[in-house]
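So the structure is just underneath, and the comments pick up after that.
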Amino acid sequence: MRKMPLSALVVGLVAALQPAAQAQFGSGIVFDPTQSGHAVVQIEHEEQSISNQMQQIENGQQIFSNTVKIASTALQTYNQIKQQYNLYHEMMVAPQLLYERFLSPTTDLMMTQQIANHYGNGSGSQWVNSSNTGTAAAASIQLASIPPLTATIPSANVATFAGQQQLAAQGATVDLGDSVAATELETIGTIKANQTARQADITALENATNSTDPSQESEMAVLQRINRALLLQLRTMQDANQINANAALQQMLAQKQQQDAMKSAFRDSAGYEGFYNANITTTSSGAANLLTQSY
């Protein structure tokens, strides 16, 4: 059943009581419709104000409910972050005895041992020094290798141009092999020479990680150690890539030797028929003629 507005009830009540008031009090009491209308309008305004206040109360309740939800979510997030922080803090300040027994000593790159100088030229000692320090690698390779008879191979003494090309290709292979060997020797020697400084960095990083100093247990200190470890790893990868690059050059040099041998065989096969016709055929035909004439 629909409720009647308060203003309508007031108007109906005033209209119903008007004759009764005149009958009760006689003609001395006069009903003023203007004042009654003002009263009705005031009552309507009060009713609207009450409705607005009720709406504001409902909005306030909704805002309060949303605020409670936000506060609950924030409190839950705070508890999770607090648990993570406590875990990280316990890991950083954990007693060193918990993990010290799992740390094994590191193995550095072994230095090349010096050898005896059986041939009196010191080539072995110089090559060993280059493998440990990376210095004078090219000279060490040449000193420890068989030198050519002359500074430049006299390819002009070879009769044919094809023979000169084959000799030049083989000489280039020897020169490239010396270059690759010197580069690889210098790379390994440089890595060995720098390992002392790198091991010092690793030791300092390990000591800072195992330290119970509060300044080393802060989040910034931990992040710095992680960055330092990553940089050391990148440098180690660069050294490994350099060695792999030298190994690739060795493979390329071996492939060149195979290609040179195959090309030389193809060239010799292609020129065999012409050489046979120009030399062997004339000689054999002349011997046959001599045998024929002798009979």
Please enumerate the residues belonging to region 68-118 that are part of a helix (DSSP H, G or I), polar (S, T, N, Q), within 35 Å of the chain's Cα centre (by Cα) and at pLDDT 75 or above. Q76, T77, N79, Q80, Q83, Q84, N86
So for region 165-178 (the condition being out of contact with any Leu (no Cβ under 7 Å at 6 or more places or on another chain), under 17 Å from G134 (Cα atoms) and touching a residue at least 12 places away in the same chain (Cβ under 8 Å)), does at least one residue qualify? yes
I'm checking my understanding of the structure. Among residues of region 189-244 that are surrounded by 11 or more Cβ atoms within 10 Å (Cβ to Cβ) and of a type in the set (S, T, Y), which one is farthest from Q84 (Cα to Cα)? T190
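The values are calculated or read from the model by the stated rules, or taken from the named source; none is laboratory data. Just so it is clear, the model here is predicted, and its values are computed rather than measured. Cβ sites come from the backbone with ideal geometry, for glycine too, and all protein chains shown count toward neighbours.
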